[in-house]
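Visitor: The structure under discussion is supplied below as structure tokens; questions concerning it will follow.
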Amino acid sequence: MELPLEYFIKLRNLIYERTGISYEENKIYYIKKRLYQRMDAGGFERVEDYIRHLKIFDPKGREFQQLMNLLTVNETYFFREFSQLQVFAESCLQEVINNKVEENNRTIKIFCAGCSTGEEPYTLGIILREMIDYYSSWEVLIKAIDIDENVISAARRGVYDQRSVKDVPPAYMHKYFTSPSKDEYVINQDIKDMVVFEHLNLMERRALRYEENYDFVFCRNVLIYFDDVSRKQVVDKFYSILRTGGYIFLGHAESLSRISSSFKIRRLSNHIVYQR
Ligand SMILES: C[S@@+](CC[C@H](N)C(=O)[O-])C[C@H]1O[C@@H](n2cnc3c(N)ncnc32)[C@H](O)[C@@H]1O
């Protein structure tokens, strides 16, 4: 079945308004495949009826959410972009820990936006456990959010396959995972307990309204799917939830240069990090 351009554009605009995710025309086949999957599931024969349903007869956004669960790209794995994580652990986190010890404020808060199936926030949990001396005297929170409900459920389960854990250093594999059967790796409960997962759309008007005082925001490989206007909206929100001196980490192909001049740019071992 063909997807007429007119309907592709209507659907694409709706998705953009609600999520910030921006699809070029070359994504028509990607969208079409998933759209028809949802139309089949709901018994819709005509695209225009499905789009009308999304706009008018889906006030709680349930069907829209099902469509988004199919459309999001959730690629992730533990210790992704290892050298950037080294910069985080050895420079930025160390600096924050030292300052906090001096201020006698033993709290660390990290916001992990677009956390997918949980590999990224659990990686940060492992790093914190390794880097913080006298861990039990600290209060640590990693808040991890994603627009896709299915990935949030998987993240809460915390069970992974070989592909996800391929970059975990062997010593950490031993220390932080159990493997009840072949190709099944379960993250330990004490790392799980560090992370609070929430289903959240970053573009929702009220998203992040009550968040504050974060030391770090990780938003890696998420903004690549947005256009500059929605990137700016999200980055402004990140700015407001970071405390002064807090850092934002983006994916290696992402930059704030066209988006925001509010952050200080720091170059650390070939990586750029942004500091409030
Ligand atoms: C490619 S994954 C990146 C996962 C992880 N950050 C990493 O770098 O390995 C992108 C994630 O961003 C999520 N995402 C996309 N748009 C979002 C939005 N508006 N609000 C929250 N999450 C979003 C997707 O569902 C997906 O799980």
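Only the coordinates and a few stated rules stand behind these numbers; no lab work does. None of the values given here were measured: they were computed from a predicted structure. Backbone-built Cβ (ideal geometry, glycine too); neighbour counts: all protein chains shown.
Visitor: Once you sort the root eigenvalues of the Cα gyration tensor of segment 221-276 as a ≥ b ≥ c, which label holds: rounded (a/c under 1.5), prolate (a/b larger than b/c) or oblate (the other case)?
Guide: In terms of gyration-tensor shape, oblate.
Visitor: At a Förster radius of 35 Å, what calculated FRET efficiency corresponds to the Cβ-Cβ distance of residue 130 and residue 209, to the nearest 0.05?
Guide: 0.60
Visitor: State the Cα centre-to-centre distance between segment 199-264 and segment 24-98 in whole Å.
Guide: Cα centroid to Cα centroid, the span is 17 Å.
Visitor: How large is the dipole of segment 5-71 about the Cα centre if only Lys and Arg carry +1 and Asp and Glu carry -1, each at its Cβ, rounded to the nearest 20 debye?
Guide: Rounded to the nearest 20 debye, it is 180 debye.
Visitor: With charges only on Cβ, +1 for K and R and -1 for D and E, what is the dipole size of the chain about its Cα centre, in debye, rounded to 20?
Guide: 400 debye
Visitor: While we're on this one: How do the peptides 221-227, 263-269, 101-107 rank, highest first, by the average count of neighbouring beta carbon atoms within 10 Å per residue?
Guide: Order by mean packing, descending: 221-227, 263-269, 101-107.
Visitor: If a/c stays under 1.5 just call it rounded; otherwise compare a/b with b/c (prolate if a/b is bigger, oblate if not). Do that for segment 147-247, with a ≥ b ≥ c from the square roots of the Cα gyration tensor eigenvalues.
Guide: Prolate, since a/c reaches 1.5 and a/b exceeds b/c.
Visitor: In degrees from 0 to 90, rounded to the nearest 10, what is the angle of the helix 47-56 Cα long axis to the longest principal axis of the chain?
Guide: So the inclination is approximately 60 degrees.
Visitor: Same structure again: Please report the relative contact order for segment 157-210, taking Cα pairs under 8 Å with a sequence separation of at least 6, and give it as a percent rounded to a whole number.
Guide: That works out to 32 percent.
Visitor: Same structure, new question: Select from 108, 11, 118 the residue farthest towards the positive end of the dipole of segment 1-140; place +1 on Cβ of Lys and Arg, -1 on Cβ of Asp and Glu, and compute about the Cα centre.
Guide: The Cα lying farthest towards the positive end belongs to 11.
Visitor: Moving to a separate point now. Using the Karplus curve 6.51 cos²θ - 1.76 cosθ + 1.60 with θ = phi - 60°, work out ³J(HN,Hα) for each residue of segment 131-138 in order, rounded to whole Hz, and write x for Gly and Pro.
Guide: 8, 8, 6, 6, 3, 5, 8, 9
Visitor: Work through the residues other than residue 10 whose Cβ is under 14 Å from its Cβ and net out their charges, Lys, Arg +1 and Asp, Glu -1.
Guide: Charge balance near residue 10 sits at +1.
Visitor: Oh, and also: Scan around residue 217 for amide H atoms under 5 Å from its own, H built in the peptide plane at 1.01 Å from N, and keep only partners 5 or more places away or cross-chain.
Guide: Under 5 Å from the amide H of residue 217 lie the amide H atoms of 111, 247, 248, 249, each far enough along the sequence or on another chain.
Visitor: Can you put 248, 28 in order, fewest other beta carbons within 10 Å first? Spell out each step's value before the answer.
Guide: Numbers: 248 23, 28 19.
Ranking 248, 28 by Cβ neighbours within 10 Å, fewest first, gives 28, 248.
Visitor: OK, next. Dividing the alpha-carbon radius of gyration of the chain by 2.2 N^0.38 Å (N being the number of residues), what value is obtained?
Guide: 1.08
Visitor: Nearest 10 degrees, 0 to 90: what angle lies between the long axis of helix 62-71 and the longest principal axis of the chain (Cα atoms)?
Guide: 70 degrees
Visitor: Next up: So what are the ³J(HN,Hα) numbers for segment 255-268, from phi and the Karplus equation (6.51, -1.76, 1.60; θ = phi - 60°), rounded to whole Hz, Gly and Pro as x?
Guide: Coupling constants for segment 255-268: 8, 9, 4, 8, 9, 8, 10, 6, 8, 7, 9, 10, 9, 10 Hz.
Visitor: Multiplying the sequence separation of residue 86 and residue 52 by 0.36 nm and subtracting their Cα-Cα distance, what value in nm do you get? Let's see the in-between values first.
Guide: Working: separation 34, 0.36 × 34 = 12.24 nm, distance 4.84 nm.
Answer, rounded to one decimal: 7.4 nm.
Visitor: For residue 32, give me every one of the lysines with a C-alpha distance below 22 angstrom, ignoring sequence neighbours fewer than eight places off in its own chain.
Guide: Within the straight-line cut-off, residue 32 pairs with 10, 55.
Visitor: Write down the percent of antiparallel bridges among all DSSP beta bridges whose residues are both part of the chain, to the nearest 5.
Guide: 40 percent
Visitor: Where does the charge balance sit around residue 143 when Lys and Arg score +1, Asp and Glu -1, over other residues with C-beta under 10 Å from its C-beta?
Guide: -1
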